[in-house]
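Student: One structure follows; several queries about it will come next.
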Amino acid sequence: MSGWDVSPSGVSGVLGRAATAAEGLSKAGEAMQVSLPSAAHAAGTISGPSCGPERMGPVGSALGEFLEKKARELGYIAARTGHSLTGALEATTAYVHGDLEMAANKERQALRDPVIDGTGKEVLDDTTPGGEHGGGQHDGGRHGGGR
């Protein structure tokens, strides 16, 4: 017997809250990608007596490096979160479909006409509810199991 005990409505609630949190994280990452370059530029440049182009100052450089590293990390977190949420949804969907399929199989088994042998006893096979052995042929209910 499986150790699974999944509550689809519970999973749905958790996935909704996780998606909301992930959305907030995504918005924070997007805001960081907009504000850090602006902050780096505002931190100033290094200029000297030369006539060359201005170079980024140490604070701006550090912010640029920070953004580069964090952008990769945030991208990974966003992708991992998306995969996890999708995986949980797909696993729960498969679980529900599996339950429905098992219920339909049990219903079909329960509705089958019983097969009765010449002594009046039911012939059980692997598909008969409660049956484990046997292998009798289904005879359409001709032996007392008619409709």
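Student: Heads up, I need the accessible area for residue 77: 1.4 angstrom probe, whole protein in place, Å², nearest 10.
Tutor: Counting only protein heavy atoms, residue 77 exposes about 70 Å² to solvent.
Student: Can I ask one more? Just tell me which lysines come within less than 18 Å, Cα to Cα, of residue 70; anything on the same chain fewer than 8 places away is out.
Tutor: Straight-distance partners of residue 70: 27.
Student: A follow-up question, please. Taking the full set of protein chains and a 1.4 angstrom probe, give the accessible area of residue 45 in square angstrom, rounded to the nearest 10.
Tutor: We get 60 Å² for residue 45.
Student: Ranked from the most accessible area to the least, with a 1.4 Å probe and all protein chains present, what is the order of 97, 41? Before the final figure, lay out the partial values.
Tutor: Numbers: 97 110, 41 135 Å².
So the residues, ranked largest to smallest area, are 41, 97.
Student: Skipping prolines and chain starts, which residues have an amide H placed within reach, meaning under 5 Å, of the one on residue 57, given they are 5 or more residues away or on another chain?
Tutor: HN-HN under 5 Å from residue 57: 45, 46.
Student: Taking R0 as 25 Å, what's the FRET efficiency between residue 110 and residue 7 from their Cβ-Cβ distance, rounded to 0.05?
Tutor: Working: r = 26 Å, r/R0 = 1.04.
My answer for the efficiency is 0.45.
Student: Check cross-link reach from residue 121 to the lysines: straight Cα distance under 25 Å, and skip same-chain residues fewer than eight apart.
Tutor: Candidates past the 8-residue exclusion: 106.
Student: Separate question: For residue 84 and residue 71 in one chain, what is 0.36 nm times their gap in residues minus the Cα-Cα distance, to one decimal in nm?
Tutor: Gain on extension, residue 84 to residue 71, equals 2.7 nm.
The values are calculated or read from the model by the stated rules, or taken from the named source; none is laboratory data. The structure presented is a predicted model; accordingly, all values stated were derived computationally and were not measured. For neighbour counting, all protein chains shown are included, and Cβ atoms are generated from backbone atoms with ideal geometry for every residue, glycine included. For accessibility, only protein heavy atoms count, side chains too; no ligands or nucleic acids. Shrake-Rupley method; radii C 1.70, N 1.55, O 1.52, S 1.80 Å.
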